[in-house]
Amino acid sequence: MDERMKQAAERGDINAMYQLIEEEENLLDNIDHAPNLFRVFGNELITLLHYVVAIGDQHIDLLEKFLLVCPDSIRDVTGRKETALHIALKKEQLKAFKFLVGWLGRNFLKNSLSNVKEVLDQKDDEGNTVLHIAVSKNLNQVVSHLLAWGFQFVDVNSTNSKRKTAWDISQGQTQVDNTAWDISQEQTQVDNREIKLMLLSAGASSGSSLSSDNNIDEFYNLIGEDEKLLEHIDELPFFNTPLHIAASYGNIRFALEMMSLKPSFARKLNQNGFSPIHLALRNKHKVLVRKLLQIDGDLVRVKGRECLTPLHYMVESFEDLALLELFLEVCPDSITDVTVENKTALHIALKYDKLKAFKLIVEWLAINCSENDQFNERKVLGWRDNEGNTVLHIAVSEKKTQASSLH
């Protein structure tokens, strides 16, 4: 490591470290050998990552390099208990914030669920999570991105040191002077109906009651103020609609209300390429999945990112044989749907070693298919993916003898 960087790190001089990197970017070439350099704490426990995030919209490439070398630095907090996400929002570095949240999503499997939740739900010295801050600054897209994570990661009813939830802040939402922003200020009302709608979709409530029983009433109050609120959302091509957020949080009552009012939301994809039923599956809200399919069985065929349908996603992610049977019962044609790699649910079941699911589908095909159907057993079992492989090819090549014997 460069001696000047080492000396600056020993002094905790984050400013000097950054200046050296700005002057000579090649200093980062050998930084892989000293990952803890990014966890050196300067004044107020600010790390190099925190420093760069504060001006991060201009230095996304540096953020990417820092997190590649030292991913654990995302968990570091300042003397005010702020994560890099807090700093990005407070300094209005929204590109940096989006990058950090995206990085957490892309690296989710490398981080435990508890670590991701720890970052997203971290409270600063005033008890504010990044959701509190995003709501207070009326940042629609940020609130949408956060709530898309679902209940496992973002606590929509977390309270700050003043016992305020994000909903409480939205109710007292004020027109904020960005030069003197204060989360507790009381000023003139601003239009934040979309944020309120997103919070209600997630089951938000007041810190004084912590009950979401009146969410439907609050929702219709918003519609009374702006009867075109849902139409405006529906016009957006890729968006976390209220139904997406309700699905992520397992808010059954609100989700069913949305399905009744705006069934088109059920087929919209968000910015990550997921429909509401994909998100309900991802968060294992199985009761909600069943209720959505009672309303519209064809939701089994909605294609998300990489053309993965809910059937594909369920076979890939977890084996719930009762739910799998329901999918095939309400929408038999879904068995013919393929991904961008031209893989059927059977290909996916073998790829992820879901042999019970594979067996169930094969047996279902034998019972339910005929030569006169739009699809038949031979056609589905003989389907070739983009590499020319049938499920028998895969079963034999990967020595899945149980699967090949079922063919």
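Kindly state which helices (runs of 4 or more DSSP H) lie completely within segment 224-275 and contain at least 1 residues that are modelled with pLDDT of 95 or more and acidic (Asp, Glu). Even if it seems obvious, please write down each step before you answer.
Values: elements: 229-235, 242-249, 252-261.
The helices (runs of 4 or more DSSP H) meeting that bar are 252-261.
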Please tell me if residue 166 is more than 17 Å from residue 92 (Cα to Cα), modelled with pLDDT under 90 and of a type in the set (A, V, I, L, M).
no
Limited to segment 193-217, what total is found for residues that are modelled with pLDDT under 90 and buried (at least 17 other Cβ atoms within 10 Å of the Cβ)?
5
The conditions are (1) of a type outside the set (Gly, Ala, Ser); (2) under 17 Å from the mean Cα position of the chain (by Cα); (3) surrounded by fewer than 20 Cβ atoms within 10 Å (Cβ to Cβ), and residue 65 fails exactly one of them. Which is it?
(2)
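Look through segment 313-361, keep the residues that are among the aromatic types (Phe, Trp, Tyr) and not in a helix (DSSP H, G or I), and return whichever of them is nearest to residue 275 (Cα to Cα). So that I can check it myself, show each step before the final result.
Step one: of segment 313-361, the residues among the aromatic types (Phe, Trp, Tyr) are 313, 318, 327, 352, 358.
Okay, now just the ones that are also not in a helix (DSSP H, G or I), so 318, 352.
Working: 318: 18, 352: 22 Å.
Looking at residues that are among the aromatic types (Phe, Trp, Tyr) and not in a helix (DSSP H, G or I), I get 318.
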Residues within segment 148-168 that are under 22 Å from residue 244 (Cβ atoms) and without any contact (Cβ under 8 Å) to a residue 60 or more places away in the chain, tallied:
8
Would you confirm whether any residue within segment 131-143 is touching a residue at least 60 places away in the same chain (Cβ under 8 Å) and not in a helix (DSSP H, G or I)?
no
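The values are calculated or read from the model by the stated rules, or taken from the named source; none is laboratory data. Note that the coordinates shown come from a computational prediction; the quantities given were computed from them, not determined experimentally. As a convention, Cβ positions derive from the backbone with ideal geometry for all residues, glycine included, and neighbour counts pool all protein chains shown.
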